[in-house]
Amino acid sequence: MSRRIGLFGGTFDPVHNGHLSIAHSFLESKLIDELWVLLTPYPPHKSQDQTDYDMRLLMLREAFSGIQNLSIKTIENELPKPSYSVQTIRYLKKKHPNQTYLYCMGEDSLAYFHTWKYYEEILEECELIVARRPGETHTEVEDKILKRTHFVDHTPLDISSSEIRKKIARGSSISDQVPEEVVKVIEKEQLYS
């Protein structure tokens, strides 16, 4: 029987409790057997001014350590740049044809998914799993996207990586927003200060 793999990509700069929370929502949905967290090296839609890939990978491994049915994958760092989600999905389907892939995202990403490069090809390759935000409507989302979308219950945390970076630069505590193991890496390596 085909294993159903959720793909959850991002720059995770830094990874925070919101990422952990949404990962648990994807896993608890029972729509997937396993969740692969894909660290994006240098996404085409963001500035190139990011923390070193290996440092972000270390923080991811620390944050998600011990979570059953979750793996950190470096696939996107091994593929040609720029890294687009559709090429990752096609690569995985070719390499593991007996697995079914579903692309996981938050509801905030769904609202602008139609702006992603090759978004229609992504929909041809796999379905989406979207972590629902309470009170969100999807009137602006195209029907062809919604037809390929599964929604899972989720209570989002109001945390963003960019705000965490700003807090660190100001010398504010982030211990309530970032796993303890990640805080230790940030402090030891003097990241974002």
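The values are calculated or read from the model by the stated rules, or taken from the named source; none is laboratory data. These figures come from a predicted structure and were not determined experimentally. Counting neighbours? That spans all protein chains shown, and the Cβs are built from the backbone with ideal geometry, glycine included. Heavy atoms of the whole protein, side chains included, go into the accessibility calculation; ligands, DNA and RNA do not. Shrake-Rupley method; radii C 1.70, N 1.55, O 1.52, S 1.80 Å.
Would you mind telling me which residue in TYR119, TYR101, TYR42 has the biggest mean-square fluctuation in a Gaussian network model of the chain, where springs connect alpha carbons within a distance under 10 angstrom? Checking each option, the largest mean-square fluctuation is seen for TYR119. Taking every protein chain into account, the 1.4 Å probe leaves ARG133 with about 90 Å² of accessible area, to the nearest ten.
Go ahead and estimate [θ] at 222 nm for the chain from helices alone: -39,500 (n - 2.57) per DSSP H run with n ≥ 4, summed, over the residue count, rounded to 500.
Numbers: 9 runs with 74 residues, N = 193.
Only helices count here, giving -10500 deg cm²/dmol.
Highest mobility in the GNM of the chain, judged by mean-square fluctuation with C-alpha springs under 10 Å and restricted to GLU34, GLU140, GLU120, is found for GLU140.
Hey, what's the Cα Rg ratio for the stretch 80-181 versus the globular rule of thumb, 2.2 N^0.38 Å?
Values: Rg = 16.8 Å, N = 102, 2.2 N^0.38 = 12.8 Å.
This ratio for the stretch 80-181 stands at 1.31.
Annotation: amide H-H contacts under 5 Å for HIS150 (H modelled 1.01 Å from N, sequence separation of 5 or more, or interchain): LEU128, ILE129, VAL130. Remark: the chain is approximated by an ellipsoid whose semi-axes, taken from the C-alpha gyration tensor as √(5λ), come to 27, 19, 17 Å, largest first. Summarising the amide proton neighbourhood of LEU35: residues at separation of 5 or more, or on other chains, whose placed amide H is nearer than 5 Å comprise GLY6, LEU70, SER71.
In the stretch 69-158, which trypsin sites (Lys or Arg not before Pro) are in a loop and have at most 12 other Cβ atoms within 10 Å, using DSSP for the loop call? Present the calculation step by step, with values, prior to reporting the outcome.
Details: sites: LYS73, ARG90, LYS93, LYS94, LYS95, LYS117, ARG132, LYS144, LYS147, ARG148; in loops: LYS117, ARG132, LYS147, ARG148.
Answer by residue number: LYS117, LYS147.
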